[in-house]
Amino acid sequence: MLIDTAPHDPRSTEHVVSVYTTGPECIRCVLTKRVLTEKGVRFLEVDIRSNDAAREYVVEDLGYTEAPVVVVTDEDHWCGFRPDKLSALADQRRSL
């Protein structure tokens, strides 16, 4: 499932962050999405429980075994609830 959480200006070239989750029972996933929303960072949620290709990408390609997985770019991604990374991402987006 994909969830676009923020209004988008079609003129924007901002890359949308992907947040791979394991559903509403995952408190770290919930907290990550909450912080991104509060900081105004646009993201798409992908539930890897129902998306085999996404689960394979997260586990096989990226090497993560816990959720959430936040993917900013091919080189910038992490797993778990990381307030430091989320704040840095929001700061970076504000400076664009």
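Quick notes
- Listed residue (V58, T22, A90) projecting farthest to the positive dipole end of region 15-95, Cβ model: A90
- Given +1 at the Cβ of Lys and Arg, -1 at the Cβ of Asp and Glu and no other charges, the dipole of the chain around its Cα centre is 460 debye to the nearest 20.
- Bins of 5 Å, starting at 0 and running to the largest distance - Cα pair percent for the chain: 3, 14, 26, 27, 18, 10, 3, 0
- Crossing angle, helix 83-95 versus the chain [Cα axis fit, 0-90 degrees, rounded to tens]: 40
- In the chain, the DSSP beta bridges split such that about 65 percent are antiparallel, to the nearest 5.
- Region 10-79: relative contact order in percent, alpha carbon pairs under 8 Å with at least 6 residues between: 40
- Expected 222 nm ellipticity per residue - DSSP helices of 4 or more, -39500 (n - 2.57), all of the chain, to 500: -9000 deg cm²/dmol
- Nearest-ten-degree value, helix 27-38 long axis tilted from longest Cα axis of the chain: 10
- The chain: Cys lacking any partner C-beta under 4.7 angstrom: C79
- Most fluctuating residue given options V59, V35, V72, as computed from a GNM of the chain linking Cα atoms under 10 Å: V59
All of the numbers you see were taken from the coordinates with simple rules; none came from a lab. Bear in mind that the values here come from a model prediction, so they are computed numbers and not experimental data. So basically every Cβ, Gly included, is an ideal-geometry build from the backbone, and we count neighbours across all protein chains shown.
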